[in-house]
Amino acid sequence: MLCYNCKSVMKKTKTDYPYKESGLDNVVLKGISAYVCPSCGEVNPIIRNPLAVHQRLAETLISKKSILSNREIIFLRKEMGIKAIDLARIMGVSKVTVSRWENGRERISSVADRLVRTLYRLKTLEQMCALARPEVEKLRTRSVDVEKIKELFDSSCSMMAQTEAIFKSIGKQAHGGRISIQKHP
């Protein structure tokens, strides 16, 4: 492989790679393969499964004890595949508030932090339900006992949808900046 910068032949090696492309501070991929240019020092990592790496990073973030940083909020929002304006709408805050969290001008509250983490978990569950549903349907045609599995699966996915609907019904009211929960039909 040739270096993109100086066109020298790169050498494949094992290295600890600072994963700046993630957008997170202090993420280092330990002992991964990479091509390193002996002339200019350019490093091209070989990341075999970037989706799994991002999933692992997100799981680490939602499990940490401290409040999410601005870059961590951005990372989780992007992993959920939603725009900042949609996150604001779901959480019942203004798009300016989300912007301030993400640019580091305002620290996210502990309640909003928990909501972001929960939303990520819901999105993950939603994706798993979408992947598993066709397989459950295939099994359903083979056995009566699988009907119980389908019922459990459907109830789990239904609870996830109900929880997401509750989050969407949360709205910020103009009563002293307090958050109230609107009645859900």
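The values are calculated or read from the model by the stated rules, or taken from the named source; none is laboratory data. Please read all numbers here as calculations on a predicted model, not as lab measurements. Note that we place each Cβ from the backbone using ideal geometry, even for glycine, and neighbour counts take in every protein chain shown.
Side notes on the structure shown:
- Residue count, region 91-101 (criterion: surrounded by fewer than 18 Cβ atoms within 10 Å (Cβ to Cβ) and not in a loop (DSSP other than H, G, I, E, B)): 4
- Inside region 60-83, residues that are in contact with a helix residue (DSSP H, G or I) (Cβ under 6 Å, 6 or more places away or on another chain) and under 14 Å from Ala112 (Cα atoms) make up a count of 9.
- Residues that are of a type in the set (A, V, I, L, M, F, W, C) and under 17 Å from Lys78 (Cβ atoms) within region 92-114 comprise Val98, Trp101, Ile108, listed in sequence order.
Here's the yes/no breakdown for (1) surrounded by 14 or more Cβ atoms within 10 Å (Cβ to Cβ); (2) under 18 Å from the mean Cα position of the chain (by Cα); (3) under 30 Å from Met1 (Cβ atoms):
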| position | (1), (2), (3) |
| --- | --- |
| Gly41 | no, no, yes |
| Asn44 | yes, no, yes |
| Ile47 | yes, no, yes |
| Leu51 | no, yes, yes |
| Leu68 | yes, yes, no |
| Ala84 | yes, yes, no |
| Ala88 | yes, yes, no |
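- Failed item in (1) more than 25 Å from Trp101 (Cα to Cα); (2) in contact with a Leu (Cβ under 9 Å, 6 or more places away or on another chain); (3) in a helix (DSSP H, G or I), with Tyr17 passing the rest: (3)
- For region 12-59, the tally of residues that are over 30 Å from Arg117 (Cβ atoms) and either among the acidic types (Asp, Glu) or in contact (Cβ under 8 Å) with a residue 40 or more places away in the chain (or both) stands at 2.
- Selection of region 1-42 for residues being of a type in the set (A, V, I, L, M) and either at pLDDT 95 or above or under 24 Å from Glu79 (Cβ atoms) (or both) yields Val9, Met10, Leu24, Val27, Val28, Leu29, Ile32, Ala34, Val36.
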